[in-house]
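Only one structure is covered here, and it is reproduced in the block below.
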Amino acid sequence: MPYCPNCLFEYREGIAVCPDCGTALKPGPPPVSGSADLPRPETEPVVLCRISDSTEADIIRAALTEAGIPCALRAHGPIQSRLVVVTDGHAVDDYTAILVPGNRLQEARVVLEAVRSAPVEWPEGMEPGE
Ligand SMILES: [Zn+2]
């Protein structure tokens, strides 16, 4: 099927010039439209959050998996993006980045929010005092 390189429309065999713009048609299928300004691949991993507590990382990963969102943990990010996380007054320069596909980031944030806002279930006798 010939196509117009200007309009990217396909035309029937036998047509030599685009009826719309007059450009000479090229043989073959049109290229993927808008390939010049395609966004980054939607599945490219992006950092959802950084966590210094491996237990919390496991909880979040389990919640993401439960929600059907693929995720990966990466211990220690690239040096230039390392953050110092302060917990309980102690600086922790050790963290795990949770990566999710870019096109699932919004969903993953909702899951993350739900995990973090869930009440902590303290074992019997371990409730922190008021
Ligand atoms: Zn055309």
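The values are calculated or read from the model by the stated rules, or taken from the named source; none is laboratory data. A quick note: this is a predicted structure, and the numbers were derived from the prediction, not measured. As a convention, Cβ positions derive from the backbone with ideal geometry for all residues, glycine included, and neighbour counts pool all protein chains shown.
Output the residue which, of all residues in region 7-19 that are surrounded by 12 or more Cβ atoms within 10 Å (Cβ to Cβ) and part of a loop (DSSP other than H, G, I, E, B), is farthest from the ligand (Cβ to nearest atom).
Selected residue: ILE15.
Let's see how each residue does on (1) at pLDDT below 85; (2) surrounded by 10 or more Cβ atoms within 10 Å (Cβ to Cβ); (3) touching a Pro at 6+ places or on another chain (Cβ under 7 Å):
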site: PRO5; (1), (2), (3): no, yes, no
site: CYS21; (1), (2), (3): no, yes, no
site: ARG40; (1), (2), (3): yes, no, no
site: THR55; (1), (2), (3): yes, no, no
site: ASP58; (1), (2), (3): no, yes, no
site: ALA63; (1), (2), (3): no, yes, no
site: GLU66; (1), (2), (3): no, no, no
site: ILE69; (1), (2), (3): no, yes, no
